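The next block holds one structure in the form of structure tokens; read it before the comments.
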Amino acid sequence: MSISQLNFTPELYQYIQKNSLREPSILQELRAETAKLPAGQMQIAPEQGQFLALLIKLINAKKALEIGVFTGYSSLVVALALPADGKIIACDIDARATVIAQTFWQRAGVATKIELRIAPALTTLDELITHEAATFDFIFIDADKANYIQYYERCLKLLRTGGLIAIDNTLWHGRVADAADQEKITQIICAFNQHVYQDERVALSLIPIGDGLTLVYKK
Ligand code: SAH
Ligand code: CA
């Protein structure tokens, strides 16, 4: 290990949480509620949510898009970070988990900023491309991994120049670096990472936060 790298011990992770995490109580509650579900671990990490909120403020985002809502944690993070006249279109196929999402968006007072679209995300993205290409400031991709490259390509069309795409799970529990891992999904994530790496239309950074978060800036 070189000196520019950190050894991510549980103690260090705890230190980061104790000394930088400011998770609003409504998000804490949603996290607790989601933890009761069998797929509860699909949610982004709290410090990752805080990081996304910071990025949204930094780029002054007003119009956002999310692919993969689940119980609405990341959409709520985005909606809370957007200005009062901001808007996020949130895509998912799960009409059940998103009922929880809608309840929390309402309780947080940001439901009017969020437009939920229940349909396969590729369909919603194709609809958006016809009228709203190059209008989004910020996009978060966190749905089915098999479609990541297709989501990415459509999202680049939807994003304005200078806009930001964040893609979740790009380190896949660290398995992307395990040459012996033969799982299809690991290979899918590796192929996606290569796709973005070779894409000259964007600047990128792969951040080791949560399960790996790739940031893509459209030149
Ligand atoms: N971003 C969420 C977690 C998303 S989990 C959070 O941080 O809380 C992934 C979601 O992708 C699931 O809710 C699943 O229903 C959704 N999904 C899977 N396939 C999809 C598709 N084809 N179109 C839209 N959403 C899809
Ligand atoms: Ca995820």
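The values are calculated or read from the model by the stated rules, or taken from the named source; none is laboratory data. Being a predicted model, the structure only gives us computed values, none of them experimental. Here Cβ is always computed from backbone atoms with ideal geometry, including for glycine, and neighbour counts include all displayed protein chains. Each accessible area value is taken on the protein alone, full model and side chains, heavy atoms only, with ligands, DNA and RNA left out. Shrake-Rupley method; radii C 1.70, N 1.55, O 1.52, S 1.80 Å.
The residue that is surrounded by the most Cβ atoms within 10 Å (Cβ to Cβ), among those in segment 84-99 that are in a helix (DSSP H, G or I) and within 18 Å of the chain's Cα centre (by Cα), is T98.
Across segment 16-46, the number of residues qualifying as away from ligand 2 (no atom under 14 Å from the Cβ) and not in a loop (DSSP other than H, G, I, E, B) comes to 14.
Across segment 112-143, the number of residues qualifying as touching a residue at least 60 places away in the same chain (Cβ under 8 Å) and within 16 Å of ligand 2 (Cβ to nearest atom) comes to 5.
So is Q41 within 18 Å of A81 (Cα to Cα) and either in contact with a strand residue (DSSP E or B) (Cβ under 9 Å, 6 or more places away or on another chain) or open to solvent by 60 Å² or more (accessible area, probe 1.4 Å) (or both) or not?
On the way: within 18 Å of A81 (Cα to Cα): no; either in contact with a strand residue (DSSP E or B) (Cβ under 9 Å, 6 or more places away or on another chain) or open to solvent by 60 Å² or more (accessible area, probe 1.4 Å) (or both): yes.
No; evaluated as a whole, the condition is false for this residue.
Which numbered condition trips up A81, out of (1) under 23 Å from S205 (Cβ atoms); (2) within 16 Å of ligand 2 (Cβ to nearest atom); (3) open to solvent by less than 60 Å² (accessible area, probe 1.4 Å)? All conditions pass for A81, except number (2). Per the conditions (1) in contact with a Leu (Cβ under 8 Å, 6 or more places away or on another chain); (2) on the phi > 0 side of the Ramachandran plot, the sole criterion not satisfied by C155 is (2).
Could you check segment 196-208 and list, in sequence order, the residues that are within 18 Å of the chain's Cα centre (by Cα) and either surrounded by 17 or more Cβ atoms within 10 Å (Cβ to Cβ) or more than 16 Å from ligand 1 (Cβ to nearest atom) (or both)?
V196, V202, A203, L204, S205, L206, P208
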